[in-house]
Amino acid sequence: MEKKNTFYVAVIAILLVAVVAMSIGFAFSDVNLTITGGVTAKATKWDVHFKEVKNINNNGATVTTAPSVPADGSTSISYTVTLNKPGDYYEFDADVINAGDFNAILKTIALTSTSNIDYLDHVVTYNSTNYTAATNTITGNSALAPEGTETIHVKVSYVEPANESSLPETDQTQTLTVTLTYGQAQA
């Protein structure tokens, strides 16, 4: 029995020596390949803003504040007019520029007012499509390329409602807002 145990101990020892020898042999045959790169990301910017107001058309409105772009890079335009009677309207164009470094997509156009009014029409035209408070979903979602310009047309009109009892009996001041939401083009 002792011969048998000695034999097993010898076999185990030989196997251990073989495993150690193989490990050393594989360690000598391993090769590490490395790729190292230096990358610099240059500064970039997101910059969509109003560039200018043009083509103002006044048909019977009294203008308190004409629309203008107050400063380079401005994201808002304000105007104040009084429409004196049905048939009067006020309209203008505003250029939007993408002064950033990558495409911008017009995601939504939202037209809102301080109350539901059926004697005023408020229409915005973008890319040859008219939008009102009732139809403010975007069609097409075309990209505004870097240094590209798109013209937004804004028109507010005093209209005769279907029911003359809807006409205001006293002067009514309404705040009409257009919100254009631009975002990054998603790949």
> What share of all Cα pairs of segment 8-82, in percent, falls into each consecutive 5 Å distance bin?
Replying inline: 3, 10, 9, 9, 6, 5, 4, 4, 4, 4, 3, 4, 4, 4, 4, 4, 5, 5, 4, 3, 2, 1, 0
> Stokes-Einstein at 20 °C, 1.002 mPa s, Kirkwood radius from Cα pairs: D for the chain in µm² s⁻¹?
Replying inline: 97 µm²/s
> Which of the peptides 55-61, 102-108 is most tightly packed, and how do the rest follow, judged by the mean count of other Cβ atoms within 10 Å per residue?
Replying inline: 102-108, 55-61
>> Using the Cα centre of segment 36-127 as the reference point, and only Cβ charges (+1 on K/R, -1 on D/E), how large is the resulting charge dipole? Debye, rounded to the nearest 20.
In response: 280 debye
>> Run the reach check for residue 42 against aspartates and glutamates, Cα to Cα strictly under 17 Å, same-chain hits fewer than 8 apart removed. What comes back?
In response: 101
>> Can you tell me the orientation of helix 2-29 relative to the chain, as the angle in degrees between its alpha-carbon axis and the longest Cα principal axis, to the nearest 10?
In response: 40 degrees
> Taking the highest mean first, how do the peptides 121-127, 166-172 order by number of other beta carbon atoms within 10 angstrom per residue?
Replying inline: 121-127, 166-172
> What is segment 94-187 by shape, rounded, prolate or oblate, if you read a ≥ b ≥ c off the alpha carbon gyration tensor as root eigenvalues and call it rounded for a/c under 1.5, prolate for a/b larger than b/c, and oblate otherwise?
Replying inline: prolate
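Every number here is computed from the coordinates shown, using simple stated rules; none is lab data. Note that the structure is predicted; figures quoted are calculated from it, not measured. Here Cβ is always computed from backbone atoms with ideal geometry, including for glycine, and neighbour counts include all displayed protein chains.
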